[in-house]
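Notes follow once the structure below has been shown.
The values are calculated or read from the model by the stated rules, or taken from the named source; none is laboratory data. Keep in mind that this is a model prediction, so the values were computed, not measured. Cβ sites come from the backbone with ideal geometry, for glycine too, and all protein chains shown count toward neighbours. Heavy atoms of the whole protein, side chains included, go into the accessibility calculation; ligands, DNA and RNA do not. Shrake-Rupley method; radii C 1.70, N 1.55, O 1.52, S 1.80 Å.
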Amino acid sequence: MTTYWCAHAWLPGGVASDVRIDVEDGVLKALIPGQPRTGTVLSGLVLPGFANEHSHAFHRALRGRTHHDRGTFWTWRERMYTLAGRLDPDSYYRLARGVFAEMTLAGYTSVSEFHYLHHAPGGRPYDDPNAMGYALAEAAADAGIRLTLLDTCYLAGGFGRPLDERQQRFGDADVDAWAQRVEAFKPPAQARVGAAVHSVRAVPDDQLPLVSGRPLHVHLSEQRAENEDCLAYHGRTPTRVLADAGVLGPDTVAVHATHLTEDDIRTLAETGTRVCICPTTERDLGDGIGPARALADAGVPLCLGSDSHAVIDPFEEAKALEMNERLGSERRGRFTTDELVAAATGPGLVAGAPADLVVVDLGSVRTAGIEPAAVVLAASAADVTDVFVAGRRVVRDRAHQLIERPETLLAKEIEALWRS
Ligand SMILES: [Zn+2]
C-alpha cells in the first residue's frame, strides 16, 4: 500500500483539508480528512481524474491550421477528410501517442475514443482489419491513459446516400460486417471496447437497432443542417429517430446535443441517456450553444469531451459549460462548481474507485488566492502538476513520465502529415 497526504482534496462532500489517501493495487483504499502529514506529500488540490468522454485523436493535427479557411463546419470537414486520407496505422499510432500524452499532461486519466478511421484508402481492409484500432490502443497504453475504444459504425454518406470515396475508409459493408470486425478486436489491458453510431446521417434507421455495445455513443444534432435533412427524410428529429430505433438509454452517450427541441430534451431524460457536451470544439466549429442547463434540469447527466482537440484542457471545457450559459442567458452561476467538476471527472474520490488522481497547483499565477472550491473556474491545464492513473504516476512535476517531450513528437508528426 502507498500512502499520500495532501493539503486539499475534492471529496464527495466538498473540498476537504489534510487528507490522507491510501492506494493499493491501483485502487483507492481510504481517504481520511484531518490527518497529520504522512507518506508522500502531494502539494496542491487533489481532484479525481478528468474523463475525456469524446475524442477523435487525429483531429489534433487540424489545430491552428484551419482558421484561414473561414467557412463552416462543413468546410472544416473537408480539411478533416484530407487529413484522414493521409493516415496509416503507423502514423495514426505516433500521432495518437502524442495526443494521449498531451491529454494526460492536462489531467485526463481516461478517454473515450470515437474511432471511425478503420480501413485503408478506398475502403480496403488492412491485413488485420483492426490495425487502426490497435494503433490507438497501443498509443493509449504507451501514454498511460485508460482507453474506451468506441468502434464506430459508419455505413452511409448521408440520408439515403452511399459513402463517398473519402468516406470509404470509415465504412463496413453493413452492420454485420461491422459487428464481426469489432468482435475480433481484443483490447489490451487498461482498454475496453464500446460501440458508436456515427450519426443518424451515417447509419440507416433500419440498421440502427442492430448496432450494439456498451457504452454506446452517438453524435446528435451538432449542426442545424443535420436536423433539417433528418426532418426532410424521416419527418422526425434525430433524437426521435434514435429513440424509435431503441438506441437511447442509460448506456448511451449522445454527443453535442446542440440543437434540440423540448420534446428531444424530454426524450433524452426519459430514456436515461447521458449527454456529452464538447464546448471548445463546438465554439471552434461554430456549432452553436447547446441547452446544457435545460438538459441538466430535466435530469440528463452531463459529461464533457475535447472532441477535435482544438483545445486540450479539461478546466476550459468545464468553465465553458458555465460561461456559454452565462452568454446565452445573461445570468451567472448557472452551474455549481460541484456540477462542473462532476461533469468533467470520472468516479469521484471514494474508497473502491480507481486511483486516478490529478494534483492541481494552487499557487500558480492563475490560482494564487482563489477559494479551492472554485478551482475549475480559475485553473488551466498548465496548473496540473501530477497525474496518477490506476495508482501509477504518469505525470510528475508537469513532466510526462512515459513519453519524453510529447511536443516534439506532435510537431514532427503533424508537419509530416501536412507535407505529404
Ligand atoms: Zn465527434
Given the conditions (1) open to solvent by 20 Å² or more (accessible area, probe 1.4 Å); (2) in contact (Cβ under 8 Å) with a residue 12 or more places away in the chain, and given that Pro406 satisfies all but one, which numbered condition is not satisfied? (1)
Select, from Glu222, Glu316, Glu226, the only residue that is in a helix (DSSP H, G or I), surrounded by 23 or more Cβ atoms within 10 Å (Cβ to Cβ) and either within 16 Å of the ligand (Cβ to nearest atom) or not β-branched (Val, Ile, Thr) (or both). Glu226
Criterion violated by Gly288 - all others in (1) open to solvent by less than 10 Å² (accessible area, probe 1.4 Å); (2) within 16 Å of the ligand (Cβ to nearest atom) satisfied: (1)
Leu95: passes all of (1) open to solvent by less than 60 Å² (accessible area, probe 1.4 Å); (2) within 16 Å of the ligand (Cβ to nearest atom); (3) outside any strand (DSSP E or B) but (2)
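Given Gly34, Gly44, which one is in contact with a strand residue (DSSP E or B) (Cβ under 6 Å, 6 or more places away or on another chain), within 27 Å of Val376 (Cα to Cα) and surrounded by fewer than 16 Cβ atoms within 10 Å (Cβ to Cβ)? Write out each step before concluding.
On the way: Gly44 fails: surrounded by fewer than 16 Cβ atoms within 10 Å (Cβ to Cβ).
Just one listed residue meets the conditions, Gly34.
Just the residues that are of a type in the set (Val, Ile, Thr) and in contact with a Lys or Arg (Cβ under 9 Å, 6 or more places away or on another chain), please, taken from segment 98-156.
Of segment 98-156, the ones of a type in the set (Val, Ile, Thr) are 99, 104, 109, 111, 145, 148, 152.
Within segment 98-156, Val99, Thr109, Val111, Thr148 meet the criteria.
Only strands (runs of 3 or more DSSP E) wholly contained in segment 6-68 count here; list those with 3 or more residues that are closer than 30 Å to Arg86 by Cβ. It would help to see each step written out before you state the result.
Details: elements: 14-24, 27-32, 40-48, 50-55.
The qualifying strands (runs of 3 or more DSSP E) are 50-55.
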Only residues that are touching a Gly at 6+ places or on another chain (Cβ under 8 Å) and under 16 Å from Arg326 (Cβ atoms): list them for segment 256-305, please. Ile277, Glu282, Ile289
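Looking only at segment 180-219, how many residues end up being in a helix (DSSP H, G or I) and within 16 Å of the ligand (Cβ to nearest atom)? Write out each step before concluding.
Residues of segment 180-219 in a helix (DSSP H, G or I): 180-184, 208-210.
Next, only the ones that are within 16 Å of the ligand (Cβ to nearest atom) stay: none.
Result for segment 180-219: 0.
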Please state which of the following conditions Glu339 fails to meet, knowing it meets all the rest: (1) modelled with pLDDT of 95 or more; (2) on the phi < 0 side of the Ramachandran plot; (3) in a loop (DSSP other than H, G, I, E, B); (4) open to solvent by 30 Å² or more (accessible area, probe 1.4 Å). (3)
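Only one residue in Gly71, Gly49 is within 28 Å of Gly133 (Cβ to Cβ) and either open to solvent by less than 40 Å² (accessible area, probe 1.4 Å) or more than 16 Å from the ligand (Cβ to nearest atom) (or both), so which one is that? Step through it out loud before you land on a result.
Details: Gly71 fails: within 28 Å of Gly133 (Cβ to Cβ).
After ruling out the rest, the residue left standing is Gly49.
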All but one of (1) among the small types (Gly, Ala, Ser); (2) free of Cβ contacts under 8 Å to residues at least 12 places away in the same chain; (3) under 15 Å from His198 (Cα atoms) hold for Ala177, so report the exception by its number. (3)
Identify, from the list Pro121, Pro129, the residue that is at pLDDT 95 or above and open to solvent by 20 Å² or more (accessible area, probe 1.4 Å). Pro129
When you go through (1) more than 23 Å from Leu210 (Cβ to Cβ); (2) within 16 Å of the ligand (Cβ to nearest atom); (3) outside any helix (DSSP H, G or I) one by one for Ala254, which number turns out not to apply? (1)
So which residues in segment 193-212 are surrounded by 20 or more Cβ atoms within 10 Å (Cβ to Cβ) and either modelled with pLDDT under 95 or hydroxyl-bearing (Ser, Thr, Tyr) (or both), if there are any at all? Ser199
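Condition (residue is open to solvent by less than 10 Å² (accessible area, probe 1.4 Å) and hydrophobic (A, V, I, L, M, F, W, C)) applied to segment 327-334: is it met by at least one residue?
So the first thing to find is which residues in segment 327-334 are open to solvent by less than 10 Å² (accessible area, probe 1.4 Å), and the list is none.
Looking through segment 327-334, none of the residues is open to solvent by less than 10 Å² (accessible area, probe 1.4 Å) and hydrophobic (A, V, I, L, M, F, W, C).
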Checking the structure you have, find out if any residue of segment 355-374 is part of a strand (DSSP E or B) and within 16 Å of the ligand (Cβ to nearest atom). no
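Conditions tested, residue by residue: (1) surrounded by 23 or more Cβ atoms within 10 Å (Cβ to Cβ); (2) within 16 Å of the ligand (Cβ to nearest atom); (3) modelled with pLDDT under 95; (4) under 18 Å from Glu228 (Cα atoms).
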position: Gly246; (1), (2), (3), (4): no, no, no, no
position: Ile265; (1), (2), (3), (4): no, no, no, yes
position: Glu270; (1), (2), (3), (4): no, no, no, no
position: Ile277; (1), (2), (3), (4): yes, yes, no, no
Could you tell me which numbered condition Val300 fails, if it satisfies all but one of (1) within 16 Å of the ligand (Cβ to nearest atom); (2) in a loop (DSSP other than H, G, I, E, B)? (1)
Specify the residue that is surrounded by the fewest Cβ atoms within 10 Å (Cβ to Cβ); the eligible residues are those in segment 342-397 that are without any contact (Cβ under 8 Å) to a residue 40 or more places away in the chain and hydroxyl-bearing (Ser, Thr, Tyr). Ser364
